[in-house]
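Data first, discussion second: the structure below is written as structure tokens.
The values are calculated or read from the model by the stated rules, or taken from the named source; none is laboratory data. Note that the coordinates shown come from a computational prediction; the quantities given were computed from them, not determined experimentally. Positions of Cβ are backbone-derived with ideal geometry, glycine not excepted, and every protein chain shown enters the neighbour counts. The accessibility values were calculated without ligands, DNA or RNA, using every heavy atom of the protein model including side chains. Shrake-Rupley method; radii C 1.70, N 1.55, O 1.52, S 1.80 Å.
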Amino acid sequence: MGDEYRVYNFSAGPSVLPEPVLRKCAAEMLNYEGTGESVMEMSHRSPEYQKIIDDAEANLRKLMNIPDDYYVLFLQGGGTLQFSMVPINLMTGSHKADYIVAGQWGKKAWEEARKFGDARCVASSEESVYTYIPKVTKEDIRDDVDYVYICYNNTVFGTHYNEIPDFGDHLLVADMSSCILSEEIDVTKFGLIYAGAQKNVAPAGVTIVIVRKDLVGHAPEGTPIYLDYKTHAEKGSMYNTPPCYAIYVAGEVFKYLLENGGVKAMHEKDVRKAQKLYDYLDSSKLFKPTVAKEDRSLMNITFVTGDAELDKKFIAGAKERGMINLKGHRNAGGMRASVYNAFPEEGVDALIAYMKEFEAENAK
Ligand SMILES: *Cc1c(COP(=O)(O)O)cnc(C)c1O
């Protein structure tokens, strides 16, 4: 098989990237824009690299319509480090925060926050293995919390907030690791949004943090310098060596999105892809979707046959057909098709065709 051979990769992350971006990065690998060096080899203090990171920020601002009173930071430590950085930097008034736990990432974030203050779990859907988003209203939130925390798209279980929850004047913090840039979001409704890049943006290694400027600078004395947003905000995400190459690829993805209709066009395609798959799942006699209709994710689509052996057989057959990483997360079981922005629509059609074939052979 040559270099041109590409599988349909349903991985939840790290995950598929736009092919034109991969080709451009490959073409620029040895000689970036006439510099005679790879971006991997480039000093992060060079004017060439400064332009790469500045353009990445400017293009993300354009794509998401991020106002000037927000910082855009490119950090390390993955989504996971934000589980701690958020409470360290934001749980600094009443030292209280309310967490809505709709999946394992939200639960981990809540558990981490408890180390830093009075983090309360307002509601959880754990009892149903997170098949829905718990309904919480502003009356359920304590009056004096520093923020309310949600995970906007639950990568493992396939649930998603299909509208921004209204908690009145409370500051809202959202983990958008697996849905950023898949839908138009009013950033001003949030105090802070973060996203590990390796789901819907770029390779692993960079985490995007979008934070309202007035929320930065309140970390308590003694906070490790690297865990204070202020450190990174003041230095344009270059307090130390940033994840240079991952930021460069993210920047190329942003350009690619802008050239292809932006978030609106991506969203239309994402809706079309997900709708096809959910329509088939809702009509299938063998496969069943696992998530309540109103909370379904466009990015991570989870389903089961109800028979673990049959699930295994299905996943193995898919692999033989060049469709990989359909196995559900170890905590969820069954199958999960992650169909991020860069996942081609033909791949969804191929999956559905195989599912129909499998159903005809295996439905009782
Ligand atoms: C993957 C994921 C994380 C964890 O990200 P890491 O970069 O591996 O630390 C956190 N939240 C969500 C929603 C995720 O999908």
- Query: Taking the stretch 296-319 only, how many residues are within 14 Å of residue 359 (Cα to Cα) and not in a helix (DSSP H, G or I)?
  - Reply: 5
- Conditions: (1) of a type outside the set (Lys, Arg); (2) buried (at least 24 other Cβ atoms within 10 Å of the Cβ); (3) closer than 23 Å to residue 42 by Cα; (4) within 14 Å of the chain's Cα centre (by Cα). Residue 232 meets all but one. Number of the miss? (4)
- Message: Give all pairs with beta carbons closer than 9 Å in which a residue from the stretch 304-331 that is on the phi > 0 side of the Ramachandran plot and in contact (Cβ under 8 Å) with a residue 12 or more places away in the chain meets a residue that is open to solvent by 80 Å² or more (accessible area, probe 1.4 Å) and assigned to a strand (DSSP E or B); count only pairs at least 6 apart in sequence or on separate chains.
- Response: 306/288
- Query: What are the pairs, 6+ residues apart or on separate chains, where a residue within the stretch 147-167 that is farther than 12 Å from residue 103 by Cα and away from the ligand (no atom under 12 Å from the Cβ) has its Cβ under 9 Å from a residue that is of a type in the set (D, E, K, R) and assigned to a loop (DSSP other than H, G, I, E, B)?
  - Reply: 164/186; 165/135
- Requiring at least 3 residues that are over 21 Å from residue 208 (Cα atoms), the helices (runs of 4 or more DSSP H) wholly within the stretch 227-283 are 262-283
- Being open to solvent by 60 Å² or more (accessible area, probe 1.4 Å), within 25 Å of residue 74 (Cα to Cα) and either in contact with a Phe, Trp or Tyr (Cβ under 9 Å, 6 or more places away or on another chain) or away from the ligand (no atom under 15 Å from the Cβ) (or both), is that true of even one residue in the stretch 126-142? no
- Which of the residues that make up the stretch 71-83 are away from the ligand (no atom under 11 Å from the Cβ) and in contact with a Phe, Trp or Tyr (Cβ under 9 Å, 6 or more places away or on another chain)? 71, 73
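One line per residue, one yes/no per condition, for (1) without any contact (Cβ under 8 Å) to a residue 12 or more places away in the chain; (2) of a type in the set (S, T, N, Q); (3) under 20 Å from residue 195 (Cα atoms):
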{"site": "50", "(1), (2), (3)": "yes, yes, no"}
{"site": "81", "(1), (2), (3)": "no, no, yes"}
{"site": "87", "(1), (2), (3)": "no, no, yes"}
{"site": "91", "(1), (2), (3)": "no, no, yes"}
{"site": "94", "(1), (2), (3)": "no, yes, no"}
{"site": "101", "(1), (2), (3)": "no, no, yes"}
- Query: Applying the selection to the stretch 181-218, what residues are within 9 Å of the ligand (Cβ to nearest atom), part of a strand (DSSP E or B) and open to solvent by 20 Å² or more (accessible area, probe 1.4 Å)?
  - Reply: none
- Only one residue in 74, 116 is open to solvent by less than 50 Å² (accessible area, probe 1.4 Å), modelled with pLDDT of 95 or more and at negative phi. Which one? 74
- Task: Determine which member of the set 94, 46 is away from the ligand (no atom under 13 Å from the Cβ), under 30 Å from residue 28 (Cα atoms) and surrounded by fewer than 17 Cβ atoms within 10 Å (Cβ to Cβ).
- Result: 46
- Task: Being surrounded by fewer than 13 Cβ atoms within 10 Å (Cβ to Cβ) and either of a type outside the set (A, V, I, L, M) or over 17 Å from residue 158 (Cβ atoms) (or both) narrows it down to one of 300, 325, 331, so name that one.
- Result: 331
